[in-house]
Amino acid sequence: MSKPPLTLYLAAPRGFCAGVDRAIKIVEMALDKWGAPVYVRHEIVHNRYVVDGLKEKGAIFVEELDECPDDRPVIFSAHGVPKAVPAEAERREMVYVDATCPLVSKVHIEADRHHAAGLQMVMIGHAGHPETVGTMGQLPDGEVILVETVEDVKTIAPRDPEKLAYITQTTLSVDDTAEVVSALQTRFPAIVGPHKEDICYATTNRQEAVKAMAPKADAMLVIGAPNSSNSKRLVEVGRTAGCPYAQLVQRATDIDWRALDGIQSVGLTAGASAPKILVDEVIDAFRSRYDVTIEVVETAVERVEFKVPRVLREPA
Ligand code: SF4
């Protein structure tokens, strides 16, 4: 029986960003340099496939530093950590490597700078997400007020409305964040913003590609983990941009084929922590059921690369 035709729109850019690529390299190079086991505090990036692959090579994933022995290296995840974490590693004289994405570190530096200038911070971010926890943990308790929505902006009570600055999580929806920023500026006209916005290039580019692709597609799949903030935002952006069915899937086995019954086109993208192999797997799954024609929807070309920390570039 011949397969039905299907146009598969492939968003570009999609998948790994420079910060994720660097974080994975850091764990691999640490294993090469110091041998197994190397401890990693929190999932190095939010993707089970990546984490399981590193476990097989000898990485041990823990949630807190007190689960690590003093005499093995520990790596901090790409999302960043509160200042207390490296301070504790130093106190215990541990070898540690910080895989915080340089674009998250940039936000940490901004927060420090504003704090030094006497400003209280408002952080736009998701409560409990490790990046938010890490960024808020750069400053003493009470110095960062978290808001998630325009509604939250109405209820916050800063110390001095004239002395405020805002920062954001790097993986938010560009459009939703613009609304929250606008609400902050209306309520606190003196609030200071970042020089260049905190939402990173990878988040912005992946959302732009989805906006271009979603209106053409009968359905859209985002490959990513349920705890990956940037992946979940891509699903929301796809729905808002007009795709009637947008779903997050971790890999091909998660696809609900019944829900896709009758479609003639599908849009495919992947969050910044989803590896290419999972994208290929999903394309193959479509090819096994449909006569697939791939159309790349490219809205940007990325050439960003980050160096790994010097300690890993030096011989053991
Ligand atoms: S999504 Fe952005 S901030 Fe997060 S690791 Fe990737 S480049 Fe860095």
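Computed from the coordinates by the stated procedures, all read-outs in this text should not be read as laboratory data. Because the structure is predicted, anything quoted here is derived from the model rather than measured. Cβ coordinates were reconstructed from backbone atoms using ideal geometry, including for glycine residues, and neighbour counts include every protein chain displayed.
List of remarks:
- Per-residue Cβ neighbour counts within 10 Å put M213, M94, M1 in the sequence M1, M94, M213, beginning with the fewest.
- Formal net charge of residues neighbouring A89 (Cβ-Cβ distance under 12 Å; K, R +1; D, E -1): -2
- Pairs over the 27 Å Cα-Cα cut-off, from the set K57/K106; K196/K232; K25/K211; K83/K196: K57/K106; K25/K211.
- Normalised by residue count, the stretch 240-311 yields a Cα convex hull volume of 145 Å³ per residue.
- As a proxy for reagent exposure, T135, T299, T155, T177 were ordered by neighbouring Cβ count within 10 angstrom, fewest first; the result is T155, T299, T177, T135.
- Cα shape, the stretch 59-136, gyration tensor, a/c 1.5 rule: prolate
- Close amide H pairs (under 5 Å, H built 1.01 Å from N) link Y9 with V266, G267, L268, E295, residues at least 5 positions away or on another chain.
- Geometric extent, Cα atoms of the stretch 84-234 - Rg, Dmax (angstrom): 16.9, 55
- Normalised by 2.2 N^0.38 Å, where N is the number of residues, the alpha-carbon radius of gyration of the chain equals 1.07.
- Here the stretch 180-316 was treated as a single set of alpha-carbon atoms; its pair distances binned every 5 Å from 0 give 2, 9, 16, 18, 17, 12, 9, 7, 5, 4, 1, 0 percent.
- Among L260, L65, L31: highest mean-square fluctuation, GNM of the chain, C-alpha pairs under 10 Å: L260
- Taking Cβ atoms as reference points and 9 Å as the exclusive limit, the residues near L139 contribute a net charge of -2, counting Lys and Arg as +1 and Asp and Glu as -1.
- Calculated [θ] (222 nm, deg cm²/dmol) that DSSP helices of n ≥ 4 give over the chain, each run adding -39,500 (n - 2.57): -11500 deg cm²/dmol
- Cα gyration tensor, the stretch 30-92 - rounded (a/c under 1.5), prolate or oblate: oblate
- Cα convex hull of the stretch 204-280, projected area averaged across orientations, nm²: 4.7
- Stokes-Einstein D in µm²/s, Kirkwood radius over Cα pairs - the stretch 29-173 at 20 °C with 1.002 mPa s viscosity: 131
- Spread over its residues, the convex hull of the C-alpha atoms of the stretch 100-168 is 81 Å³ per residue.
- Most mobile listed residue (G15, G53, G267) in the chain, GNM with C-alpha springs under 10 Å: G53
- Separation of the stretch 147-167 from the stretch 223-250 is 28 Å, based on Cα centroids.
- Dipole check for the chain: with +1 at the C-beta of Lys and Arg, -1 at the C-beta of Asp and Glu, and the Cα centre as origin, the magnitude is about 620 Debye.
- Mean separation of Cα contacts under 8 Å (6+ apart) over length of the chain, as relative contact order %: 27
- Residues whose amide H lies under 5 Å from that of F61, counting only those 5 or more places away or on a different chain, are V40; hydrogens are built 1.01 Å from N in the peptide plane.
- Here's the picture: charge each Lys and Arg Cβ at +1 and each Asp and Glu Cβ at -1 in the chain, and of M136, A285, V311 the one pushed furthest to the positive end of that dipole is A285.
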